[in-house]
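Notes follow the structure.
The values are calculated or read from the model by the stated rules, or taken from the named source; none is laboratory data. Only a predicted model underlies this, so the values are computations on that prediction, with no experimental measurement involved. Neighbour counts run over all protein chains shown; Cβ positions are idealised from the backbone, glycine included.
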Amino acid sequence: MTRDVGPRKGRLRGGIRIGGGKVALGVVLILAIWKPVLVAAAVLLPGLLLLIVYLTVGHDRIAEISADRWRRFEARWPKRAERLRARVDALALAWDIVLDRLPESWAARLALPDVSGSVGVPSHNAPDPFDRLAKEARDG
């Protein structure tokens, strides 16, 4: 009759495993009961700050920053970027199904950009559309 005296790391009696996710969930639940305003602030404050940045900087600049960050991510981790692109593309297709049920004016505003990979990412070397407009204004 041998008894296992080795370390029982991460286990309670009855064979229940306690991992980092369960501990974090327990902490969040305790905080939600003890300090519900703190949990609401921790969730809403970052969202509010992101909304302020988006409204301040503007859609075009956010899209430019995001495209630049994506190019760097793709250059550093190409396999991970391809998996992420495929997941986002699947999400966009599912979102399109939802948008098909909405009125056209709403769907146009809520549409996600095409991330299928068939459309190239705009280059910084592309001609500036304002240069064309300025040339047309000079030429009369």
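Here are a few things to note about the model shown:
- Number of positions in segment 76-93 that are surrounded by 13 or more Cβ atoms within 10 Å (Cβ to Cβ) and either over 15 Å from the mean Cα position of the chain (by Cα) or charged (D, E, K, R) (or both): 2
- Test result for G26, within 23 Å of the chain's Cα centre (by Cα) and either within 30 Å of D128 (Cα to Cα) or at pLDDT 90 or above (or both): no
Conditions tested, residue by residue: (1) surrounded by 11 or more Cβ atoms within 10 Å (Cβ to Cβ); (2) modelled with pLDDT of 90 or more.
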{"position": "G10", "(1), (2)": "yes, no"}
{"position": "A32", "(1), (2)": "yes, no"}
{"position": "L45", "(1), (2)": "no, yes"}
{"position": "I52", "(1), (2)": "no, yes"}
{"position": "H59", "(1), (2)": "no, no"}
{"position": "D68", "(1), (2)": "yes, yes"}
{"position": "E74", "(1), (2)": "yes, yes"}
{"position": "W95", "(1), (2)": "yes, no"}
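- For D68: the one exception among (1) in contact with a His (Cβ under 9 Å, 6 or more places away or on another chain); (2) in contact (Cβ under 8 Å) with a residue 12 or more places away in the chain: (2)
- Checking every residue in segment 62-73 against the condition of being on the phi < 0 side of the Ramachandran plot and outside any helix (DSSP H, G or I) gives zero matches.
- Residues of segment 97-134 that turn out to be more than 15 Å from W70 (Cβ to Cβ) and at pLDDT below 85, as a count: 18
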